[in-house]
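The values are calculated or read from the model by the stated rules, or taken from the named source; none is laboratory data. Predicted model, so just to flag it, every value in this text is computed and none were measured. Backbone-built Cβ (ideal geometry, glycine too); neighbour counts: all protein chains shown. Calculation scope for accessible area: heavy atoms of the full protein, side chains included, ligands and nucleic acids excluded. Shrake-Rupley method; radii C 1.70, N 1.55, O 1.52, S 1.80 Å.
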Amino acid sequence: MIKQYDALIVGGGVIGCSIAYQMSKRGKKVLLIEKDRLAGKASQAAAGMLGVQTELKGNGPLYHLAKESRDMYPSLARDLKEISGMDIEYVENGMIKLARTEEEAQELVETASIASRGEQIRWLSPNTLFSYEPHLSKDVAGGLYIPKDGNVSAPKLTQALGSASKMQGAEISEYTDVYDFMKERNKITGVRTSKGDFYADETIVAGGAWSRFLLDRLEMKFKSFPVKGECFSVKVPGKIVERTIFTEGCYIVPKVGGRLLIGATEHPHTFDETITIGGLMSLMHLATSILPELVDAKWEKAWAGIRPQTEQGVPFMGRSEEWKGLSIATGHYRNGILLAPITGVLMADLIEGKESHPLLSYVRR
Ligand code: FAD
Ligand code: GLY
């Protein structure tokens, strides 16, 4: 029997699940296909920070896209709870980007001045900073405070988006490897998988860092590369930090239940998910120099994930110019959790023919 859908989405990470969620909400017949299990790759590893000023530079279109996406979280968390019953552990706990030198302080004061209006971000002098976060090392030059940045559980968010998609009528096929496309002249008509062939008007590749292997089947000139990141988590009695603390090379994210998540290393051009002593040592060194009381924390676990990065350094979200019925959404690099809600909306709009969003053309250039 031929299996025909409105859309096939390849990849059950946060990006594929967010697209499935938005499309199924609009009544589309969607099949989400995942090689492993949902939220098994980068979306499992992510720290879940929703930081618009920490890793994105300037006041450009990607910053505005990120801000729009972050601001969708309060209602998304409510909707996902209502539809799937799952709690994505969204908290608006704020973010502090630390300056460790006077030069970094200068740069951050400048960032505060160019941030868009209504963002209420502000520079904290060392004294004010210590009144906010008294356990921080006194060896810092101040920090940029972004009150509206929060964090979520990235794996729970991905699972909840998948589960809500199902409740809205989407089908999900886990442990199903998509290994090729079906074509008719210049149109993609479906995919070939380890569980058989599936047909659809639209196929969306959201395979994270692995997207390019699939796109290679079509000889598409799509340039991306993997960037491995290692993290670890600990438990502390009581709260030694309220807000997420971010600095070059290290961040500390307070999670529910007294957990602190500490990340992340950066190793480009490898798909190897091994956790190394060297990687963990560099994180531990930086983290304890920012928050000395961490030396007494109880070890929980360590893990690694592979971020999808593009050569242009911005996510690719758009239609293939060569192949009709084919779209791609990947390359969210360090910000896939932050950008997932808006990516779902933009891709669902694109599939419906609303291609005019100015930010979409920016990110697909
Ligand atoms: P993935 O989550 O990797 O999902 C892609 C899926 O596609 C995989 O499950 C894979 O199995 C599947 N797939 C691939 N090929 C096929 C195929 N042929 N057939 C079927 N399935 C296929 N972002 C933030 O915004 N905030 C953070 O705090 C943050 N912290 C991070 C910390 C670390 C250590 C790492 C590694 C990343 C972090 N990120 C963060 C980035 C974020 O995790 C990624 O940008 C995001 O998860 C990418 O989602 P994705 O769905 O594109 O990829
Ligand atoms: N955004 C955090 C990371 O990618 O490590």
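Quick one: is S84 hydroxyl-bearing (S, T, Y), open to solvent by 10 Å² or more (accessible area, probe 1.4 Å) and more than 15 Å from ligand 1 (Cβ to nearest atom)?
yes
Scanning the range 119-134 for residues that are open to solvent by less than 60 Å² (accessible area, probe 1.4 Å) and not in a helix (DSSP H, G or I), which turns out modelled with the highest pLDDT?
Looking at the filtered set, the residue picked out is E133.
For the range 1-25, name all the residues that are farther than 15 Å from G169 by Cα and in contact with a Lys or Arg (Cβ under 7 Å, 6 or more places away or on another chain).
If the condition is that a residue be farther than 15 Å from G169 by Cα and in contact with a Lys or Arg (Cβ under 7 Å, 6 or more places away or on another chain), then G13 is the only one that fits.
Kindly indicate whether any position in the range 229-249 is surrounded by 14 or more Cβ atoms within 10 Å (Cβ to Cβ) and among the aromatic types (F, W, Y).
So far as the range 229-249 goes, yes, one or more of its residues are surrounded by 14 or more Cβ atoms within 10 Å (Cβ to Cβ) and among the aromatic types (F, W, Y).
Scan the range 211-227 for residues that are open to solvent by 10 Å² or more (accessible area, probe 1.4 Å) and either free of Cβ contacts under 8 Å to residues at least 60 places away in the same chain or within 12 Å of ligand 2 (Cβ to nearest atom) (or both) and jot them down.
Of everything in the range 211-227, those that are open to solvent by 10 Å² or more (accessible area, probe 1.4 Å) and either free of Cβ contacts under 8 Å to residues at least 60 places away in the same chain or within 12 Å of ligand 2 (Cβ to nearest atom) (or both) turn out to be R212, F213, D216, R217, E219, K221.
Please tell me if M167 is free of Cβ contacts under 8 Å to residues at least 24 places away in the same chain and open to solvent by 10 Å² or more (accessible area, probe 1.4 Å).
no
Would you point out the residue of the range 253-268, among those that are without any contact (Cβ under 8 Å) to a residue 60 or more places away in the chain and not in a helix (DSSP H, G or I), that is surrounded by the fewest Cβ atoms within 10 Å (Cβ to Cβ)?
P268
Of the conditions (1) without any contact (Cβ under 8 Å) to a residue 12 or more places away in the chain; (2) within 16 Å of ligand 2 (Cβ to nearest atom), G305 clears all except one; give me its number.
Just one mismatch for G305, condition (1).
Which residue pairs have Cβ atoms closer than 7 Å, lie 6 or more positions apart in sequence or on different chains, and pair a first residue in the range 269-289 that is in a loop (DSSP other than H, G, I, E, B) with a second residue that is aromatic (F, W, Y)?
H269/F225; I275/W303
Given the range 291-343, what strands (runs of 3 or more DSSP E) lie entirely inside it while holding 3 or more residues that are open to solvent by 20 Å² or more (accessible area, probe 1.4 Å)?
298-310
Can you confirm whether the range 43-55 contains a residue that is more than 16 Å from ligand 2 (Cβ to nearest atom) and more than 23 Å from R243 (Cβ to Cβ)?
no
Of all residues in the range 148-164 being open to solvent by 30 Å² or more (accessible area, probe 1.4 Å) and not basic (K, R), which is nearest to the chain's Cα centre (by Cα)?
So the residue we want is P155.
Which of the following residues is more than 15 Å from ligand 2 (Cβ to nearest atom), more than 21 Å from A20 (Cβ to Cβ) and either modelled with pLDDT of 95 or more or in contact with a Leu (Cβ under 8 Å, 6 or more places away or on another chain) (or both): L283, L326, L294, L346?
After applying the criteria, what remains is L294.
Looking at the range 135-147, which of its residues are part of a loop (DSSP other than H, G, I, E, B) and open to solvent by less than 50 Å² (accessible area, probe 1.4 Å)?
Residues satisfying the conditions are L136, S137, V140, A141, G142, P147.
Could you check the range 136-160 and list, in sequence order, the residues that are in contact with a helix residue (DSSP H, G or I) (Cβ under 7 Å, 6 or more places away or on another chain), more than 14 Å from ligand 2 (Cβ to nearest atom) and among the small types (G, A, S)?
Listed by number, the residues that qualify are S137, A141, G142, G143, A160.
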